[in-house]
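Structure record follows, encoded as structure tokens.
The values are calculated or read from the model by the stated rules, or taken from the named source; none is laboratory data. Keep in mind that what you see is a predicted model, and the values were worked out from it rather than measured. Backbone-built Cβ (ideal geometry, glycine too); neighbour counts: all protein chains shown. Side chains are part of the model used for accessible areas, which takes the heavy atoms of the whole protein and leaves out ligands, DNA and RNA. Shrake-Rupley method; radii C 1.70, N 1.55, O 1.52, S 1.80 Å.
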Amino acid sequence: MNRTEELKKIKDEVLNLKTSPLYKVRVKNKVFPVIGEGSHYAKIMLIGEAPGRNEAKTGRPFCGAAGKILDQLLASAGIERKSVYITNIVKDRPPFNRDPFPDEIAAYAPFLDRQIGILKPKIIGALGRFSMRYVMETYGLKDQAGPIGELHGKVFRTKFPYGEVTVIPLYHPAVAVYDARQIPNLKMDFKAVARALKELS
Ligand code: URA
């Protein structure tokens, strides 16, 4: 199976994930899971938290207000959105955009792990504390995990099953939706991603 076929298999499995705590509400609301979008050969994978209303309506990650901020941040760092792969740790929308519960993270994380294994990104940008915590705890950085306020923009190198990966915790773009004064901080985080990308070549 090639990468596209493997990712399609994940999509089919998530669509039918009746054991997920968020399955029933998705079907009732006639919305979609959000699997991911972007280059299947991306060097950078960005991992958000969970779909919001617009994302669940369209099945596309970061296509609402937080997505507009993300687009600005990528542009400011000189990174093309279509060159990265964007996904979330939780693939279905939690009601009222509340924080994901631990059982929801546990239900969807195996799909994220498979996406990482398929795409083998060299750089992972973890958007927000939930994906930061999961990635750091799962992939050899447990000892260095801490509050996102302290770790955002910092660069960690760690071993994944397929090789070395640079992990960068990033503030979630949604923090700037209601407080535009945060944008310069968020842009600085993305500069760290751009620098890590340059260092690869
Ligand atoms: N917030 C996220 O974490 N992910 C999305 O896809 C949209 C908003």
Net charge (Lys, Arg +1; Asp, Glu -1) of residues whose beta-carbon lies under 13 Å from that of residue 183, residue 183 excluded, is +1
What is the diffusion coefficient of the range 3-200 in µm²/s, taking the Kirkwood radius over Cα pairs and the Stokes-Einstein relation at 25 °C with a viscosity of 0.890 mPa s?
147 µm²/s
In deg cm²/dmol, rounded to 500, what helix-only [θ] at 222 nm does the chain give when every DSSP H run of at least 4 residues adds -39500 (n - 2.57) and the total is split over its residues?
-13000 deg cm²/dmol
Hey, any idea what % of the chain's accessible area is carbon plus sulfur with a 1.4 Å probe?
54 percent
For the pair residue 183 and residue 54, how long in nm is the line joining their label points, each one 7 Å along Cα→Cβ?
1.5 nm
At a 10 angstrom cut-off on C-beta neighbours, averaged per residue, how do the peptides 15-26, 165-176 rank from highest to lowest?
165-176, 15-26
Only sites in a loop by DSSP and with at most 16 other Cβ atoms within 10 Å count here; which GluC sites (Glu not before Pro) in the range 1-80 make the cut?
80
First select every other residue whose beta carbon is under 13 angstrom from the beta carbon of residue 9; then total the charges, Lys and Arg +1, Asp and Glu -1.
0
Could you compute how fast the range 11-52 diffuses translationally, taking Rh as the Kirkwood radius over C-alpha pairs and applying Stokes-Einstein at 10 °C with viscosity 1.306 mPa s? Give it in µm² per second.
132 µm²/s
Just check the range 111-163 against the gyration tensor rule for me: Cα atoms, a ≥ b ≥ c as the square roots of the eigenvalues, rounded for a/c under 1.5, and otherwise prolate or oblate depending on whether a/b exceeds b/c.
prolate
Lys/Arg +1, Asp/Glu -1 at C-beta; the range 3-200 dipole; positive extreme among 35, 167, 54
54
Surface accessible to a 1.4 Å probe, per residue, for the residues of the range 3-200, Å²
49 Å²
Taking 35 Å as R0, compute the FRET efficiency from the Cβ-Cβ separation of residue 142 and residue 41 and round it to 0.05.
0.75
For the range 158-201 versus the range 1-47, the gap between their alpha-carbon centres in whole angstrom
23 Å
First check a/c for the range 1-112, with a ≥ b ≥ c the square roots of the eigenvalues of its C-alpha gyration tensor; if it is under 1.5, answer rounded, and if not, answer prolate when a/b is larger than b/c or oblate otherwise.
oblate
